[in-house]
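Shown next, in structure tokens, is the structure this report addresses.
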Amino acid sequence: MRKRANGRREQMRVLVVDDHPLFRVALRRLLHSEGYFLVVAEASSAHEAVQQTDIHRPDVALIDVRLPGINGLHVARLLKRQHPRLAVVLLSADQDEQWLLGALQVGAAAFLPKDAEPREILAVLEAVAAGEDRLAQQILEKPDLARRVLGELQRYVSGERTPEVVDAALTVRELQVLDCVAQGMSNKEIAEALFITEQTVKNHMTSILRKLGAQDRVDVILAAVRNGWVAITPARQMGLPA
């Protein structure tokens, strides 16, 4: 646990990623009330999470798995790829074991239900901030899930399965553009959100289409869904016809 020269603990810098403003406010108040955590930034989507992490360099990221556009699991994978020392805690409104398994695959340190007691949230964050990996214990507490994880590991070792090809060689900026496309944003809106020109957006889209073997935006979204980057959400969130 980090300490200042005077022996007092340094505040842990936290990024909160959730598309519900009220939930972000509640988390900020909870963390600030404890005194050890400082929320240095908030984000409501994948592309904002990348921007805020690059700017503020948090120690811990709290990420909702169900984000509009690129989902929280892939956001966690992307942030861990860019910032390996970042501790990630994933949040979910439901208890689907697939989320736990996904959290393990992207290198998260813990997984929390969004209705967890405040003291549980603080305890898990304290542990994660101190370098503990709580996720392994959470999985071991679910015997059926633990057996599935062991089976997956055995298949990898035996060569029956190979690790998935991550991101289809998309750059971080291309993934940010993909996130915006998945939310139904126009080229102009993407340019404004990412602080780039519309021509640059078009250049990135051309590259994305080529790398994914897609013909248009609908093909891009379908490819993202197949790869698990984007969860199936209401049509308006995916930019598809309602």
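The values are calculated or read from the model by the stated rules, or taken from the named source; none is laboratory data. All values derive from a computational prediction rather than experimental measurement. Note: ideal-geometry Cβ built from the backbone for every residue, glycine included; neighbour counts use all protein chains shown.
Checking Glu117 against (1) surrounded by 15 or more Cβ atoms within 10 Å (Cβ to Cβ); (2) out of contact with any helix residue (DSSP H, G or I) (no Cβ under 8 Å at 6 or more places or on another chain), which single condition isn't satisfied?
Going through the list (1) surrounded by 15 or more Cβ atoms within 10 Å (Cβ to Cβ); (2) out of contact with any helix residue (DSSP H, G or I) (no Cβ under 8 Å at 6 or more places or on another chain), Glu117 breaks only (1).
Would it be correct to say that Pro84 is in the same structural domain as Ala130 (by TED's automatic domain parsing) and more than 25 Å from Ala193 (Cα to Cα)?
Working: in the same structural domain as Ala130 (by TED's automatic domain parsing): yes; more than 25 Å from Ala193 (Cα to Cα): yes.
Against the criterion (in the same structural domain as Ala130 (by TED's automatic domain parsing) and more than 25 Å from Ala193 (Cα to Cα)), Pro84 qualifies.
Quick check: is even one residue across the range 75-84 part of a strand (DSSP E or B), touching a Ser or Thr at 6+ places or on another chain (Cβ under 8 Å) and among the aliphatic types (A, V, I, L, M)?
Step one: of the range 75-84, the residues part of a strand (DSSP E or B) are none.
Looking through the range 75-84, none of the residues is part of a strand (DSSP E or B), touching a Ser or Thr at 6+ places or on another chain (Cβ under 8 Å) and among the aliphatic types (A, V, I, L, M).
Give just the number: which of (1) over 21 Å from Arg13 (Cα atoms); (2) not in a helix (DSSP H, G or I) does Asp133 not satisfy?
(1)
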